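Everything on this sheet refers to the single structure shown next.
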Amino acid sequence: MLSRRIGGAELEVIVADITTLGVDAIVNAANSSLLGGGGVDGAIHRAAGPDLVAECRMLHGCKTGDAKIAKGYRLKAVHVIHTVGPVWNGGTLNEDDLLASCYRRSMELCGKHELTSVAFPAISTGIFRFPADRAAKIAIHTVIDALPAVPSVGHVVFCCFSEASAALHTDVLARYSGPC
Ligand code: AR6
């Protein structure tokens with residue numbers, strides 16, 4: 001729906017099923033067990049096949065705000081970066097910072113593994129009930145802030161699952177007026 005070049009990278013907002021994307025890494029909105037669940041997590045595990053959960057067992061879970069990388073198996077994506085977003089609790093439990101940390105840590109893993117393209121779902125905005133407009137601002141601004149430290153990444157996709165979610169992300173990306 002919108003594409004903008006910022007900091008040497010193309011940032012794009014689309015409506016799609018993230019499991020269909022042929023990028024270096026798709027990000028999974030997982031839970032701390034990393035052993036699967038509903039929403040995008042369930043869809044990614046179904047599409048990747050049972051080898052993904054087998055690798056995830058070796059990762060020994062993941063804390064809220066952190067991220068861990070695994071292979072993509074049957075997915076078109078080469079890697080899956082699992083991150084654990086916060087459950088929304090009215091904003092009283094540091095949810096904004098924890099959500100930003102999910103995007104930051106995922107970008108750090110992209111840099112560490114020299115990945116060139118990554119796609120994010122709208123982390124925490126489904127089953128974890130984080131307000132979608134607030135989450136879209138955190139997603140876009142945190143990724144833009146992370147770009148200078150991750151020069152390998154030339155393409156970032158914000159993969160929304162509804163037109164409403166894409167409209168929120170598009171609005172934030174279009175309004176961004178910081179350094180390009
Ligand atoms: N492609 C892209 N986005 C999707 C897809 C898909 N195939 N499916 C759902 N979404 P959610 P959370 C969107 O609930 O809120 C799981 O049980 C969805 O519309 O998947 O972080 C985990 O194991 C929403 O915008 O993740 C955790 O327990 C966004 O992805 C818990 O849910 C995130 O929704 C995590 O909850």
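Here the range 2-175 exposes an accessible surface that is 55 percent carbon and sulfur, computed with a 1.4 Å probe and the other protein chains kept in place. Send over the Kirkwood Rh of the range 1-78, from the inverse of the averaged 1/r over different Cα pairs, rounded to one decimal Å. One decimal place: 13.6 Å for the Kirkwood radius.
Excluding ligands, DNA and RNA, what is the solvent-accessible area per residue of the chain at a probe of 1.4 Å, expressed in Å²?
Numbers: 8140 Å² over 180 residues.
Result: 45 Å² of accessible area for each residue.
In the distance distribution for the chain, Cα-Cα pairs more than 29 Å apart total 11 percent. Note on H60/V15: beta-carbon distance plugged into 1/(1 + (r/R0)^6) with R0 of 45 Å gives a FRET efficiency of 0.85. Per residue, the average separation of C-alpha pairs within less than 8 Å and at least 6 apart gives the range 32-159 a relative contact order of 22 percent.
The values are calculated or read from the model by the stated rules, or taken from the named source; none is laboratory data. Every value quoted in this text rests on a predicted model; they were computed, and no experiment measured them. Note that we place each Cβ from the backbone using ideal geometry, even for glycine, and neighbour counts take in every protein chain shown. Side chains included, ligands, DNA and RNA excluded: accessible areas come from the protein's heavy atoms. Shrake-Rupley method; radii C 1.70, N 1.55, O 1.52, S 1.80 Å.
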